[in-house]
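Quick notes on the structure that follows.
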Amino acid sequence: MANTISFCSETMKQYEWLLTRYPTRRAALLPTLRLAESDFGELGVPEMRYVADLMEIPPAFVFGVVTFYTHYRRAGTGKFHIQVCSTLSCALRGSEDVVSRITERLGIKPGETTPCGHFTLSKVECLGSCDTAPMLQCNDDYHEDLSLEDVDQLIEQLRAEAEGGQNG
Amino acid sequence: MTFRKILTQHIAEDDCHTLSFYQRNGGYSQAQKSLKEDQPDDLIELVKAANLRGRGGAGFPTGVKWSFVPKSSDKPKYLVVNADESEPGTFKDRVIMEKNPHLLLEGILICCKAVNIQTAYIYIRGEFVFATQRLQQAIDEAYEAGILGNDCLGSGLSIDVTVHRGAGAYICGEETGMLTSLEGDRGQPKLKPPFPAIEGVFGCPTVVNNVETLANLPYILEIGAEAYCAIGPEKSPGPKLFCVSGHVENPGTFELPMGIPLRKLIDEHAGGVWKGRKLKAVIPGGSSAHVLTADECDVAMDIESLTAAGTMLGSAGIIVMDDSTCMVDALVNLMRFYHHESCGQCTPCREGTGWLEKIVHRIAHGDGRMEDLDLVLDVCDRMVGKTICALADAAAFPAQSFVTKFQDDFVAAIQNGGSPAWKKRHPSAVGGTASHG
């Protein structure tokens, strides 16, 4: 099946700039996948295939790379991907309570997405912010030193943003 | 000599990350001078004499590492800055990258001069989006100001720096895994030799240095090797970033001389054990280090002292646990981490980390058997030193030390049908969970 997606012209410029930074084309794969993620919103099979064709890398290799790492935004992820750090320093300061609170508020367990597609909840390994435990990453942003009230507030704010975006 | 902070001195100030702030405070003056006047070999000798030890975890002497790069090679040479910072309990390089990115860039310039390198990559973990933005801003400013690019700082040298963002994988903090990842592949480590200094990224000689290591270079040039060696213990001197997390009142990153007593660090700098509780255990060097009991905490935080105490300084990620901590639950958490992060290419690690997680999990969940304690140690013996990289060792060290030093917690969980926290959540459970039997 022919690809029906492609980078917008601005992204294509960034891709071409990336190629100038490395001695091999393949070295630009990880950053190019970031461009795809941001341009297309997620990395599903069509997006991976597009990158593979663009970079002349076998699709299976691209799939292998995307699935080796945990931080690419895979197909089916909610608009807001809430990733709660669950490794030791955060666990010692209540990360499990943060997860339970989010589960309670959103009605989803770790690994699940709300039916409306707004939220995905994940438990993830150390995010390198142990001094501000418990903490989570929502899309690109860190939310640190969380109390359960902070969690409630964050969810309300994100919910408003998601619903606002939908109506507007 | 009074100790002066050099990595984090100005981080409370608003525009500390900008080029103008950095230059107002003397920034880039060492690189400016060095790029024009110093001979590469003299720089290597200076860093050797200063006894700068790598701040990433292994503590290898930086100048010695540089000297391994062949001078006669006609291949390009690379510097890859390890900014993957993924060892649980570690959050120090993030401070430098977010608050003092030009210090890192100045260190990169000095290293490039010493080893005749024209291309540097900063491999930063994918989750650090803000730090990536800060670094990119700093790099853009530096190119604009003629500090990077062609004719750096008017020296005639050409040095390019590129930020390369990872995508979520602990193993990419291991140097060969990181280089494989930088080449666009899955971040699986490679056997050494060849060492990166001979054959690293893109098959070329490569220096791999940690962020904090490079950030020490301008100061070494400023004060000289002798004065630098006078900070802290002679064999591993210098200012050091210590990360304290877990059950303390005031967690954070503290810049102090190498060799500070661990108790002083916890009690005076990190505000002591929280909620007035007692200390139970401390992991002193990132989660891969052997755990210390409260009685073992009268130790100096430097490479030699911690090695002598049977553990390691590692990444200086100090995780404090109070007397309410169940060491079985804490170990389940760490074993899940290592099992999740094993890259899967070596059988002893792929299978071993899985077995360790399962065994410790069943102890915590009421299905443990007394012979499991020996089984954990036996599995560890089959992992340590038997794999391409050190991840298997990193998983085995906490397993061995938790089980032997806190045996009472494990025995109690086996005898009482699970860890206290698990029993609280499952009050009606008599035996254990069938799924983990």
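Just so it is clear, none of the values below were taken in a lab; they were calculated from the coordinates. None of the values given here were measured: they were computed from a predicted structure. Please note: Cβ atoms are built from the backbone with ideal geometry, for glycine as well, and neighbour counts cover all protein chains shown.
Miscellaneous remarks
- Note on B:R382 and A:M12: with the Förster distance fixed at 51 Å, the Cβ-Cβ geometry gives a FRET efficiency of about 0.50.
- Taking A:V98, A:V65, A:V51 in turn, the Gaussian network model of chain A (Cα-Cα springs below 10 Å) assigns the largest fluctuation to A:V65.
- For chain A, the longest principal axis of the C-alpha atoms and the axis of helix A:59-68 are separated by about 20°.
- The alpha-carbon of B:K190 sits under 26 angstrom from the alpha-carbons of these lysines, leaving out residues fewer than 8 places away in its chain: B:K65, B:K71, B:K75, B:K77, B:K386.
- Here the residues B:V161, B:V129, ranked from fewest to most Cβ neighbours within 10 Å of their Cβ, fall in the order B:V129, B:V161.
- Under Karplus coefficients 6.51, -1.76 and 1.60, residue-wise ³J(HN,Hα) of the range B:35-49 in Hz, glycine/proline x: 4, 8, 9, 7, 8, x, 4, 5, 5, 4, 5, 4, 5, 5, 5
- Fewest-first sequence of A:L88, B:L46 by Cβ atoms within 10 Å of each Cβ: B:L46, A:L88
- Number of partner chain Cβ atoms within 10 Å, mean per residue of B:325-338: 3
- Residues B:H426 and A:D145, FRET efficiency given R0 of 25 Å [Cβ-Cβ distance, rounded to 0.05]: 0.25
- With the gyration tensor restricted to C-alpha atoms of chain B, the semi-axes of the equivalent ellipsoid amount to 41, 24, 18 Å, longest first.
- Cα gyration tensor, the range B:19-229 - rounded (a/c under 1.5), prolate or oblate: rounded
- Members of A:K109/B:K424; A:K13/B:K113; A:K79/A:K109; B:K92/B:K275; B:K5/B:K92; A:K123/B:K192 lying beyond 23 Å, as alpha-carbon distances in this model show: A:K13/B:K113; B:K92/B:K275; A:K123/B:K192
- Averaged over peptide B:339-346, the number of partner chain Cβ atoms lying within 10 Å of each residue's Cβ comes to 1.
- Dipole check for the range B:149-259: with +1 at the C-beta of Lys and Arg, -1 at the C-beta of Asp and Glu, and the Cα centre as origin, the magnitude is about 300 Debye.
- Converting phi to 3J(HN,Hα) with the Karplus coefficients 6.51, -1.76 and 1.60 and the offset θ = phi - 60°, the range B:112-120 yields 4, 5, 5, 10, 6, 10, 10, 10, 10 Hz in sequence order, with x at every glycine or proline.
- With the convex hull constructed from alpha-carbon coordinates only, the range B:327-425 shows a mean projected area of 5.4 nm² over all directions.
- Residue-averaged beta-carbon neighbours from other chains (10 angstrom radius) around A:131-139: 3
- Average Cα contact separation per residue, chain A, under 8 Å, 6 or more apart, as relative contact order %: 18 percent
- Expected 222 nm ellipticity per residue - DSSP helices of 4 or more, -39500 (n - 2.57), all of chain B, to 500: -12000 deg cm²/dmol
- Nearest-20 debye value, chain A charge dipole, Cβ charges on Lys, Arg, Asp, Glu: 700 debye
- By the count of neighbouring beta-carbon atoms within 10 Å, fewest first, B:E85, A:E56 end up ordered A:E56, B:E85.
- Given charges at Cβ of Lys, Arg, Asp, Glu: chain A dipole, positive-most of A:A162, A:P58, A:T32: A:P58
- Around the amide H of B:N210, modelled in the peptide plane, lie the amide H atoms of B:R55, B:G56, B:N82, all under 5 Å away and 5 or more residues distant in sequence or on another chain.
- Label-point separation, B:K75 to B:E268 (7 Å along Cα→Cβ), nm: 4.9 nm
- Tilt relative to chain A, helix A:29-40 - C-alpha long axis, 0 to 90 degrees, to 10: 70 degrees
- Taking amide H as placed 1.01 Å from N in the peptide plane, the amide H of B:V163 sits under 5 Å from that of B:I122, each at least 5 places away or on another chain.
- Under Karplus coefficients 6.51, -1.76 and 1.60, residue-wise ³J(HN,Hα) of the range A:109-120 in Hz, glycine/proline x: 8, x, x, 10, 10, 5, x, 6, x, 7, 10, 10
- For the range A:9-68, the calculated P(r), taken from all Cα-Cα distances in 5 Å bins from zero up to the bin holding the longest distance, is 4, 20, 34, 27, 13, 2 percent.
- Approximate spin-label separation A:T103-B:F21, in nm, with each point projected 7 Å along Cα-to-Cβ: 4.1 nm
- Among B:V244, B:V47, B:V384: highest mean-square fluctuation, GNM of chain B, C-alpha pairs under 10 Å: B:V384
- Cα pair distances in the range B:239-322, grouped into 5 Å bins until the bin that holds the longest one, percent each: 3, 18, 32, 29, 15, 3, 0
- Close amide H partners of B:G200, meaning residues 5 or more places away or on another chain with modelled amide H under 5 Å apart, are B:T206.
- Orphan Cys of chain A, criterion: no other Cys C-beta under 4.7 Å: A:C8, A:C116, A:C126, A:C130, A:C138
- Of all aspartates and glutamates in the structure, those lying under 17 Å Cα to Cα from B:K235, and not within fewer than 8 positions of it along the same chain, are B:E45, B:E226, B:D302, B:E304.
- Modelled spin labels at A:E161 and B:K5, positioned 7 Å past Cα toward Cβ, are 3.1 nm from each other.
- Computed over the range B:327-425: relative contact order in percent, which uses C-alpha pairs under 8 Å that are six or more apart: 36 percent
- Convex hull volume per residue for the protein assembly as shown, taking Cα atoms only, in Å³: 164 Å³
- Candidates B:G57, B:G352, B:G146, ranked by Gaussian network fluctuation over chain B, Cα under 10 Å, top entry: B:G146
- Computed from the C-beta positions of B:D140 and A:R49, the FRET efficiency with R₀ = 35 Å rounds to 0.60.
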